[in-house]
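Presented below is the structure to which this report refers.
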Amino acid sequence: MLIVGLGNPGTQYAGNRHNVGFMICDLLAERWRATYKDKFQAHFAKTTVGGEDVVLLKPMTYMNLSGESVQKAMHFFKVPLQEVVVVHDELDHAYGEIRIKVGGGTAGHNGLKSIVRHGGGNDFVRVRFGIGRPRGGPVDKYVLSDFSAEEKGDLGTLVERAADMTEEVVRSGTEKAMRKFHRR
């Protein structure tokens, strides 16, 4: 299984809404005691979770070219698209709403567009971390801005929940993870 956290490289982007995928990947690497190495135009870490081989990948290509890195890792580790889990920010969900989904469109998300283009389709799992829409101003500035002080208050808890959801996909499969976490 290949878990891809989306974001942009560099300290200037570290706290951005667009980098929540990196945050979740880093928490998983810490939990699983996995150490990143550089390859595939990315930071990657290979580990075993519940008997399953897992690769964590943080593309260093910048968001719009993420698919280039994902394609290289998929090819090297022989991971089919259906075993790719992309963890990313989601404008169409309110802040803190986290959902698992298989397939679907890209909703204008350039990282997802790149993965669809280079990965060979959209039939991959997504862990969508809601960041909400901006109240005003351009979307690109919003996603490249840091979480607000209010949002930072529970960001750690939400990142943990998204990591729990991602880990459940690895351990139990997508359908079971969705049943477990999507209950109302």
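Readers should treat all values here as calculations from the given coordinates under stated rules, not as data from a laboratory. If you're wondering where the values come from, they're calculated on a predicted model, not measured in any experiment. Using ideal geometry, Cβ is built from the backbone for each residue, glycine included, and neighbour counts are taken over all protein chains shown.
On full extension of the chain, what length is gained from R31 through T47, given 0.36 nm per residue of separation minus the C-alpha to C-alpha distance?
Residue separation times 0.36 nm, minus the Cα-Cα distance, leaves 4.7 nm.
Put a plus charge on the Cβ of each Lys and Arg, a minus charge on the Cβ of each Asp and Glu, and nothing anywhere else: the dipole of the chain about its Cα centre is then about 280 debye.
When H88, H182 are sorted by how many other C-beta atoms sit within 10 angstrom of their C-beta, beginning with the fewest, the order is H182, H88.
Once you reduce segment 144-181 and segment 36-103 to the center of their Cα atoms, the two points are 15 Å from each other. Under 20 Å from the Cα of K152, which lysines turn up, not counting those fewer than eight places away in the same chain? Output for K152: K141.
Using the beta-carbon distance between T157 and R135 and R0 = 25 Å, what value does 1/(1 + (r/R0)^6) give for FRET efficiency, to the nearest 0.05? Step by step, r from the Cβ atoms, then E = 0.60. FRET efficiency for the S148 to N64 pair, using the beta carbon distance and R₀ = 25 Å, is estimated at 0.50. Here's the list of aspartates and glutamates a cross-link from K72 could span, going by alpha-carbon distance under 13 Å and ignoring same-chain residues fewer than 8 apart: D38.
Each of F181, F76 has some number of other Cβ atoms within 10 Å of its Cβ, and from fewest to most they run F76, F181. Its DSSP H runs of at least 4 residues, each contributing -39,500 (n - 2.57), put the calculated 222 nm mean residue ellipticity of the chain at -12000 deg cm²/dmol, to the nearest 500. Which option, (i) 1, 8, 16, 21, 20, 16, 10, 5, 2, 0; (ii) 1, 8, 19, 23, 23, 16, 7, 2, 0, 0; (iii) 1, 7, 13, 15, 13, 11, 9, 9, 8, 6, 4, 2, 1, 1, 0, 0, 0, is the value of P(r) over Cα pairs in 5 Å bins from 0, in percent that was calculated from these coordinates? Step by step, P(r) over Cα pairs in 5 Å bins from 0, in percent for this structure corresponds to label (ii). Taking other Cβ atoms within 10 Å as a rough exposure proxy, D164, D154 sort from fewest to most as D154, D164.
Of all DSSP bridge pairs formed entirely within the chain, close to 55 percent run antiparallel.
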